[in-house]
1. Of the residues that sit in the range 145-189 and are among the small types (Gly, Ala, Ser) and over 15 Å from the mean Cα position of the chain (by Cα), which one is nearest to residue 7 (Cα to Cα)?
2. Of the residues 114, 101, which is in contact with a helix residue (DSSP H, G or I) (Cβ under 7 Å, 6 or more places away or on another chain) and within 30 Å of residue 6 (Cβ to Cβ)?
3. Please go through the range 4-44 and pick out each residue that is under 23 Å from residue 183 (Cβ atoms), within 22 Å of the chain's Cα centre (by Cα), among the hydrophobic types (A, V, I, L, M, F, W, C) and surrounded by 14 or more Cβ atoms within 10 Å (Cβ to Cβ).
4. For residue 76, indicate whether it is of a type in the set (D, E, K, R), surrounded by 13 or more Cβ atoms within 10 Å (Cβ to Cβ) and in contact with a helix residue (DSSP H, G or I) (Cβ under 8 Å, 6 or more places away or on another chain).
5. From the list 40, 10, which residue is among the acidic types (Asp, Glu) and modelled with pLDDT of 90 or more?
6. Hey, can you tell me all the residues within the range 111-122 that are modelled with pLDDT under 95 and part of a strand (DSSP E or B)?
7. Is it the case that some residue within the range 123-134 is free of Cβ contacts under 8 Å to residues at least 40 places away in the same chain, of a type outside the set (A, V, I, L, M), in a loop (DSSP other than H, G, I, E, B) and out of contact with any Lys or Arg (no Cβ under 7 Å at 6 or more places or on another chain)?
8. Scan the range 87-114 for residues that are surrounded by 22 or more Cβ atoms within 10 Å (Cβ to Cβ) and more than 22 Å from residue 137 (Cα to Cα) and report the count.
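The values are calculated or read from the model by the stated rules, or taken from the named source; none is laboratory data. Note that the structure is a prediction, hence the values are computed from the model and not measured. When we count neighbours, we look across all protein chains shown, and the Cβ atoms used for this are built from the backbone with ideal geometry, even at glycine.
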Amino acid sequence: MAPFAGLPDEAGPGAWSDLAELVGAGREAVLFRGRVDPPEGWEVVGRGAGVQLVATGLEVAHDPAAVRLGVEHAEEMLELVSRTRPGPFLRRTPVLGSYLGIRDGDGALVAMAGERLRLDGWTEISAVCTDEGHRGRGLGTRLVRAVAAGIVERGGTPFLHAAADNRPAIRLYASMGFTFRREVVFARLRAPGGVRSEHGS
C-alpha cells in the first residue's frame, strides 16, 4: 500500500531498532520529519524538502462528476500517476481511503485525488493529479474539495503535503484555503541488513 512510518521527534536507538524490525531487514520506510538523521546502518535512499498545509478556510463541496475509484481501477490509476507523478502511489494505495476521479467524454481517467495518511481527527489528501491535456480546467481543485467534503463529514480536518519547490501548487492550495503548518523532509530509508528489495509493499 505505502511504506510510510512514524518516529518520535527525538527518536532514540530503541525507536530506530523497533522501526527496523517493523519494516524488515533491507526493506524501505518513508518518513515525513523535521529532520532526517538515521543511525549507522540505515541507508538514505532519497530525500526531498516539503511543506505541510492544513485546510483552515477550504470550501468543501461534493462533485457530481466525480466517480469513486478503488483497487479494481488500479491499472488506470497507475497509468495516470505514471504520466503526472504526484508522489508515492502503489497498486493497493486506494485501500487507504476514499479516491475520486473525473473521466473525459471517452471514459478515460484524466484527474484524481484521494486519502492517504490518517491520524485521529486528521486525514491527508494525496495523489492530486490531472492529465496534462486537461489542465487549466479546475479539475484538481474540484476533486480536492470533494475529497475534503467526505473528510469533514466524518469530523476530520484535511491536510496535504507538497514539494517545497512546487510553488505553483503551494500558491494554488493557499488560494483554496490551505495554510502552511510546517516544513518537512520526505525521506526514503533502507533498514540495516538483509537483501535489498526494489519492490514496494
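1. Pass one, the range 145-189, residues among the small types (Gly, Ala, Ser): 146, 148-150, 155-156, 162-164, 169, 174-175, 177, 187.
If we keep only those that are over 15 Å from the mean Cα position of the chain (by Cα) too, we end up with 146, 149-150, 155-156, 174-175, 177.
Values: 146: 31, 149: 30, 150: 28, 155: 26, 156: 23, 174: 28, 175: 32, 177: 29 Å.
Of everything passing the filter in the range 145-189, 156 is nearest to residue 7 (Cα to Cα).
2. Details: 101 fails: in contact with a helix residue (DSSP H, G or I) (Cβ under 7 Å, 6 or more places away or on another chain).
Result: 114 is the single residue among 114, 101 that is in contact with a helix residue (DSSP H, G or I) (Cβ under 7 Å, 6 or more places away or on another chain) and within 30 Å of residue 6 (Cβ to Cβ).
3. Answer for the range 4-44, where residues must be under 23 Å from residue 183 (Cβ atoms), within 22 Å of the chain's Cα centre (by Cα), among the hydrophobic types (A, V, I, L, M, F, W, C) and surrounded by 14 or more Cβ atoms within 10 Å (Cβ to Cβ): 4, 5, 7, 19, 29, 30, 31, 32, 36.
4. Details: of a type in the set (D, E, K, R): yes; surrounded by 13 or more Cβ atoms within 10 Å (Cβ to Cβ): yes; in contact with a helix residue (DSSP H, G or I) (Cβ under 8 Å, 6 or more places away or on another chain): no.
No; evaluated as a whole, the condition is false for this residue.
5. Numbers: 10 fails: modelled with pLDDT of 90 or more.
Only one candidate passes the filter, namely 40.
6. To start, the set of residues in the range 111-122 that are modelled with pLDDT under 95 comprises 116-120.
Listed by number, the residues that qualify are 116, 117, 118, 119.
7. No, that holds for no residue.
8. The qualifying residues number 3.
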